[in-house]
Amino acid sequence: MPDRPPVETTALADDTEYTGLDLSDLVLDDPSAGGRTWRERRFVECTLYDADLRGLVTERCVFDGCRFRGTDLGDSVHRGSAFRSCTMERTTLSGATFAGCSLLGSTVIDSRLRPLVLTDCDLTLASLGGVDLRRTDLSGLRMREANLVDADLREADLRGADLSGARLRGTRLDGADLRRARLDPDALRVARLTGATVDLETALAFATAHGLRIG
């Protein structure tokens, strides 16, 4: 691994790649952060434990295999950025906005998420077991093969979301809007769907998944 200048003496810069950098305890308002808006920066296997990044704005940044723990990303805004195979543990994301972003294969554990805005985002293979996203607008999101076991999605807007292959055992979808959502038969058997709104196609698939004969 090439030597990297310590973050406390050298400011992070746009359009630059950083590998294996320890950014723990980084404070966004500190000069070493290189500003409150980060553009086209790439972080590979970097550590951001307990970093205070509240209000951060990222544009087309990439985080590959990075580790967030105790990190404050509240009220942050991300446009066209990618968080791939990252781990977010006890991370604050409340008030954050993600637009056109990817969270492919990332894991979220014991984190504060609401309120959260996700628009045109890809959460394929993301691990979101047990997360609280009640009443959150998740419409049109790509959530293929995501782990949503025991997640709380009550009254969430999932219209047009792609949940193909998603793990939904014990997932609370009570009162959710599932019109035009793509759901596997197994998901219709194991998720909790009391009061959910569905279209005719999903209603028929639900009946079939529960062994009903439609004639």
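The values are calculated or read from the model by the stated rules, or taken from the named source; none is laboratory data. Computed from a predicted model, the values in this text were never measured in an experiment. For neighbour counting, all protein chains shown are included, and Cβ atoms are generated from backbone atoms with ideal geometry for every residue, glycine included. Keep in mind that these areas ignore ligands, DNA and RNA; they rest on the heavy atoms of the full protein, side chains included. Shrake-Rupley method; radii C 1.70, N 1.55, O 1.52, S 1.80 Å.
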Extension reserve of the residue 22-residue 64 stretch, reckoned as 0.36 nm per residue once the Cα distance is removed: 13.7 nm
With a Förster radius of 22 Å, plug the Cβ-Cβ distance of residue 169 and residue 199 into 1/(1 + (r/R0)^6) and report the FRET value to the nearest 0.05. 0.45
Segment 122-207 - percent of accessible surface contributed by carbon and sulfur, probe 1.4 Å: 44 percent
What spacing in nm lies between the two simple spin-label points modelled at residue 50 and residue 94, each 7 Å away from Cα in the Cβ direction? 2.1 nm
Find how many whole Å separate the alpha carbon centroid of segment 23-83 from the alpha carbon centroid of segment 99-119. 14 Å
Can you tell me how much longer the chain between residue 120 and residue 87 gets when fully stretched, taken as 0.36 nm per residue apart minus their C-alpha distance, in nm with one decimal? 9.8 nm
Averaging over every viewing direction, what projected area does the convex hull of the Cα atoms of segment 104-167 cover, in nm²? 3.6 nm²
Among 81-91, 16-26, the order from most to least packed when residues are scored by Cβ within 10 Å on average: 81-91, 16-26
Could you list the square roots of 5 times each eigenvalue of the Cα gyration tensor of segment 52-142, that is, the equivalent ellipsoid semi-axes, sorted largest first and rounded to whole Å? 15, 15, 14
Proximal charge balance of residue 75 [Cβ under 15 Å; K/R count +1, D/E count -1]: +2
Could you give the nm distance between label points at residue 29 and residue 75, where each point is 7 Å from its Cα heading toward the beta carbon? 1.1 nm
For the chain the mean separation of alpha carbon contacts under 8 Å (6+ apart) over residue count, i.e. relative contact order in percent, is 9 percent
Dividing the convex hull volume of the alpha carbon atoms of the chain by its residue count, what do you get in Å³ per residue? 90 Å³
Tilt of helix 200-209 relative to the longest C-alpha principal axis of the chain, in degrees (0 to 90, nearest 10)? 80 degrees
Using 0.36 nm per residue of separation minus the Cα-Cα distance, give me the extension gain between residue 110 and residue 184 in nm, one decimal. 23.9 nm
Going 7 Å from the Cα of residue 150 in the Cα-to-Cβ direction, what parts of segment 97-123 have a backbone nitrogen less than 15 Å from that spot? 108-111
What does the charge count near residue 134 come to, summing +1 for each Lys or Arg and -1 for each Asp or Glu among other residues with Cβ under 15 Å from its Cβ? -2
